[in-house]
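The values are calculated or read from the model by the stated rules, or taken from the named source; none is laboratory data. In this text the structure is predicted, and so the values were computed from the model without any measurement. For neighbour counting, all protein chains shown are included, and Cβ atoms are generated from backbone atoms with ideal geometry for every residue, glycine included. Heads up: the accessible areas ignore ligands, DNA and RNA and are worked out on the full protein's heavy atoms, side chains in. Shrake-Rupley method; radii C 1.70, N 1.55, O 1.52, S 1.80 Å.
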Amino acid sequence: MGDLVVRKSYGGDITFRIEKIVREQAIIKGTEFRLLADAPLSDLTRVHQAAAGEEKARIKATESLERLHQNRKQLAERNQSEVSREWYVSGEPSYFEVPGTVLHLDGDERYLKKSMSLYEKLRVPAHGYYINESGMANALYRLLPSIQPDIVVLTGHDGVLKNRPTADLYSLSSYKNSKHFVEAIQTARQYERNFDALTIVAGACQSHFEALLQAGANFASSPSRVLIHALDPVYIAAKASLTSIRDTIHITDVLNHTVSGTQGVGGIETRGCYRIGLPKLKDLSALKVIPSM
């Protein structure tokens, strides 16, 4: 339990952590990619570091995070420049920020913790809940009215069920959890139909991309039914939270800076959620705002 392993039968391409052992079978979860699988213990080899391909993914994820930080800094500079022309307070920012608030439901507790840590680093207001994929639709009935988020992230684990013919890739019954993501998206759209008032990011590895978009997601996985990086949904949500309501989220820019790229994630044109306000407030506790940089 807890050991890092790779599968011999797959050439050791992905690093997993052993979550559970039942007789001679292990339940394993990807450390970098949102993949849940089972494997015989005889197929597993213990390792002490990530596979080469995953190290590249980790570097790409770090670069994406740095880019978000840079965008954050540029946004603050643009805001101050624009505001200072008409509302100048010497020596400090003269406005306050209202980034989009994220409600993140995740079917994997370990990935949820990683996601919440990233939101915190980016100073994106976020509420995270560990919810099994099958329970997400019901959870949204309670959470949406109380939290009133600008962005909803629905993710966890998914995948094409074994021994399915290619023709079945467009049937929801061929997927482990896509139907649950669809139900959750539909619940969120019943709450808010406007795609710019509520941005939905949904799906996991190999999810039914077309069904998720048709249900009402702004961004979804996985167009090419590939594995997606654990933090790709977080990157998209953060980008939406920190893009001004005056601007449209640049789709190609967002997708090119996810680890999975356009094979793993796609979406539709969507307006940002970020706002600034005047004058600068001393007490921010009454609003879902954060101090300006």
At a 1.4 Å probe radius, which order do 117, 244 fall into by accessible area, largest first?
-> 117, 244
Can you give the relative contact order of the chain as a percent, counting alpha carbon pairs under 8 Å and 6+ residues apart?
-> 19
Top positive-direction residue, dipole computed over the chain with Cβ charges, set 227, 248, 21 | 21
How many angstrom separate the Cα center of the stretch 222-267 from the Cα center of the stretch 1-16?
-> 27
Given the chain, longest segment not containing exposed loop GluC sites (Glu not before Pro) (DSSP; at most 10 other Cβ within 10 Å) | 87-293
Please work out the average accessible area per residue across the chain, using the 1.4 Å probe convention, and give it in Å².
-> 48
Selection from 262, 169, 129 lying farthest towards where the dipole of the chain points positive, charges on Cβ | 129
Set 73/113; 73/176; 113/176; 121/162; 114/162 screened for pairs whose C-alpha atoms are more than 32 Å apart | 73/176; 121/162
Mean residue ellipticity at 222 nm from the helices of the chain, using -39,500 (n - 2.57) per DSSP H segment of n ≥ 4 over the full residue count, to the nearest 500 deg cm²/dmol?
-> -10500 deg cm²/dmol
How far, in nm, would the chain grow between residue 186 and residue 63 when pulled straight, counting 0.36 nm per residue and subtracting the alpha carbon separation?
-> 40.9 nm
Round to the nearest 10 and give me the degree value, 0 to 90, for the angle of helix 178-191's Cα axis relative to the longest principal axis of the chain.
-> 20
Quote the charge dipole size of the chain about the Cα centre in Debye, to the nearest 20; the model charges only the Cβ of Lys and Arg (+1) and of Asp and Glu (-1).
-> 220
Report the extension gain between residue 173 and residue 76 in nm, rounded to one decimal, defined as 0.36 nm multiplied by the number of residues separating them, less their alpha carbon distance.
-> 30.3 nm
Could you please state how large a percent of the accessible area of the chain is carbon and sulfur, counting protein chains only and using a 1.4 Å probe?
-> 51
